[in-house]
1. Which of the trypsin sites (Lys or Arg not before Pro) found in the stretch 51-141 are loop residues per DSSP with 16 or fewer other Cβ atoms within 10 Å of their Cβ?
2. Between Arg133 and Ile56, what length in nm is gained on full extension when 0.36 nm per residue of separation is reduced by their alpha carbon distance?
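All of the numbers you see were taken from the coordinates with simple rules; none came from a lab. None of these values were measured; they are calculated from a predicted model. Reconstructed Cβ throughout: ideal geometry from the backbone, glycine too, with neighbour counts over all protein chains shown.
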Amino acid sequence: MIDAGTIPMRNSISQVIKYMEVYDRVGGASGEIVVFEPTDKELGYGYHRLNDPRKISELETKRGDRIQYEDYYMTGDGKWFQRTQRNMLQRFEARCMILAQYVEYKISHYLDKSFESLFGFISVLPGAFCTFRWAAISGDPLKSFFKGLEKDKHTAKEANMYLAEDRVM
């Protein structure tokens, strides 16, 4: 399993596959991912179509003014676009969120999983990037995996269990 937008570290997929081939008693394994900072475009910043008729007419009357065009441009068919950027606070917030995600993932991956593996059992494989051996999950684990999709009401404990797909496995 790999989440959309997840970036495995270099050679991580091949290392997980090799590990599963070497250790045939292992039911599941997880690889390491990269946490990256999204670009302005991925966060919804960039050029957006300008629909304000007053601003468009103002831009068309000042076509010769080069400074006016730094944040605006016109396409060949006469459509105007405005550039939007993250301000300093928004960039700082994004970096803090990315750093928090990175620290949480690394602590979970290196400390929790390493400690649990000493006992031969890892309680939760990260759903962002992991693999399972079919023989290990077929039967009851696979039925439990899809139980959260049932329309029946669940107890609070069951609802918490089926909150995320990786918790069942």
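1. Passing both the DSSP loop test and the Cβ count: Lys62, Arg63, Arg66, Lys79, Arg86, Arg133.
2. Working: separation 77, 0.36 × 77 = 27.72 nm, distance 5.93 nm.
So the extension gain works out to 21.8 nm.
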